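Throughout, read-outs are computed from the coordinates displayed, never taken from laboratory work. The model shown is predicted, which means the values in this text are computed figures rather than measured ones. Because the Cβ atoms are built from the backbone with ideal geometry, glycine has one as well, and the counts that use them run over all protein chains shown.
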Amino acid sequence: MMKKVGVAILGVGVVGGGTFQTLTEHREFYRQTQNVDIVVESVLDNNRARAMSIGVPEEILASSIAEVVTNPAVDIVVETIGGCGVAKDFILAALNEGKTVVTANKELISKHWHDLERAAKRNSCGLYFEASCVGGVPIIRTLLDGVQANRITHMMGIVNGTTNYILTQMTQSGAEYADALKEAQRLGYAEFDPTADVDGFDATYKLSILSSMAFHTKVPYTKIFREGIREVSSKDIAFGKELGYTLKLLAIGKNTEKGIEVRVHPTFIPSSHPLASVNDSYNAVFLTGDAVEDVMLYGRGAGSLPTSSAVVGDVIFAATHSDIKYSTFKNTATADPKTKFVTNFESAYYIRLLVEDKAGVLAKLTGIFAKYGVSIVEIAQKGEGENGRLPLIIFTHKTAENSVKNVVAKINASDLASVQSVIRVEA
Ligand code: HSE
């Protein structure tokens, strides 16, 4: 007789609703291809009318988490509520009743992975979270299995669709940030309060999970340098474009001899880089391993059915495997004291200035760069001047972040020029 596996879904909003749809519509397909009958046995949602409107039969609508986790027909609990409130309590309740959990919750995994994994281990349950990072793009399974042979040295990702949509609009049509954000909100990409996306929090949660897995050590999201896109101007995007660069909000992880370097910030990359053509709400992760060299995964990082693809992939894995894989490192709340983190990281820089138009000013300016050991690659004059000052763009060689901060402070304190913007550049 074919094995039957019961699933409960907690929260049937965008992702949970897509998960219900995929599991229901593909039930026969999975019976044929996976030799397992995966049945949605229970759904919990405060909004019963919403659940029924997407086809959830009233008889499987539960009225409490206790009813779900004590239901003997439920083997796997899918959490698609989000956030760190009830979602955490519900997941712990499920694990403590011996149910395997599949979650799409990046904030919860990034902040409480250690607690959840401890409960999963104690109860010999699976804890799967493919959908927590980069939606439908199978990056977690790739890190867990596909590239395990490698020491991963670098990872660069466009892991947030909302900001990628906004930056693509600013790049392609010259829109200003505020207008591009409004359009993203109108299309339902950006939330009414866009903070989590535009200030880079969402990307840091994802980078914390991905870099912990890639580098086999706990990388708490608090260790990640974070700068969002609110201050990005379409002027800089346009100048960068003319000079052969595309601006992206990148999540960058590096495992170097000096330690682990993790950062999320707007970054110029050469327009010929494969990540430069990842546009709109699409996401991608580009990683480098010591054996495989470069690997790039591309696809939909959000959305109902694309994210349900990741959730249901985990459900199928859990339904068809009896062995359970946990993290490959000591999963504690904080970083391992032995892990070093690089804070004064090195990067190349794009610096836009308005410069006094007087003899000798350029020599004095470049003197400041030299004083702090910041080497200049290129100086370009772009755009209109202001109040008699000339617009200049300076590209630097790779240099320490603190040296650039010193240069910027020194220039701004002088009467030679004012710094208009500073953007990191990755090759
Ligand atoms: N708000 C996220 C994004 C969706 O814009 O990519 C899924 O994490």
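Classify segment 59-213 from the C-alpha gyration tensor, please: rounded if a/c falls under 1.5, else prolate or oblate depending on whether a/b exceeds b/c. Taking the square roots of the gyration eigenvalues as a ≥ b ≥ c, segment 59-213 is oblate. Specify whether the C-alpha gyration tensor of segment 299-427 places it in the rounded, prolate or oblate class, a ≥ b ≥ c being the square roots of the eigenvalues: rounded for a/c under 1.5, otherwise prolate if a/b is larger than b/c and oblate if not. Prolate. Structural descriptor for segment 139-299: relative contact order 35 percent, calculated from alpha carbon pairs under 8 angstrom and at least 6 residues apart.
Pick from Gly188, Gly253, Gly16: which residue has the top mean-square fluctuation in a GNM of the chain where Cα pairs under 10 Å get a spring? Maximum among the listed residues: Gly188.
The charge dipole of segment 346-425, taken about its Cα centre with unit charges on the Cβ of Lys, Arg, Asp and Glu (plus for the first two, minus for the last two), comes to roughly 180 debye.
Divide by every residue of the chain the summed helix terms, -39500 (n - 2.57) for each DSSP H run of at least 4, and state the resulting mean residue ellipticity at 222 nm, rounded to the nearest 500 deg cm²/dmol.
Per the formula, -10500 deg cm²/dmol.
Here segment 233-325 is treated with +1 on each Lys and Arg Cβ and -1 on each Asp and Glu Cβ, and its dipole about the Cα centre works out to around 300 debye. Taking label points 7 Å from Cα along the Cα-to-Cβ direction, Gln172 and Ala238 give a separation of 1.8 nm. Taking the chain as a Gaussian network of alpha-carbon nodes connected by springs under 10 Å, the highest mean-square fluctuation of the residues Pro391, Pro337, Pro194 belongs to Pro337. Mean sequence separation of contacting Cα pairs (under 8 Å, at least six apart), scaled by the length of segment 3-132, corresponds to a relative contact order of 24 percent. With r as the distance between the Cβ atoms of Glu25 and Met2 and R0 = 25 Å, compute the FRET efficiency 1/(1 + (r/R0)^6) and round to 0.05. After rounding to 0.05, the efficiency reads 0.85. Here the gap between Ala380 and Glu58, fully extended at 0.36 nm per residue and compared with their Cα-Cα distance, gives a gain of 109.3 nm.
From the gyration tensor of the Cα coordinates in segment 139-299, what semi-axes in whole Å does the equivalent ellipsoid have, largest first, with each one equal to sqrt(5λ)? Walk me through the intermediate numbers first.
On the way: eigenvalues 147, 56, 38 Å².
Semi-axes, largest first: 27, 17, 14 Å.
Taking the Cα centre of segment 139-299 as reference, the dipole from Cβ charges on Lys and Arg (+1) and Asp and Glu (-1) amounts to some 340 debye.
Summary value for the chain: 16 percent relative contact order, contacts being C-alpha pairs under 8 angstrom separated by 6+ residues.
For the chain, what is the Kirkwood estimate of the hydrodynamic radius, computed as the reciprocal of the mean inverse distance between distinct Cα atoms, to one decimal in Å?
23.2 Å
Please determine, in degrees from 0 to 90 and to the nearest 10, the orientation of helix 106-122 with respect to the longest principal axis defined by the Cα atoms of the chain, where the helix direction is its Cα long axis. Computed tilt is about 40 degrees. Taking the longest Cα principal axis of the chain as reference, the axis of helix 161-173 is set at about 40 degrees.
Only one residue of Cys133, Val40, Ile60 has its Cα farthest out toward the positive end of the dipole of segment 1-145, where Lys and Arg carry +1 and Asp and Glu -1 on Cβ, and that residue is Cys133.
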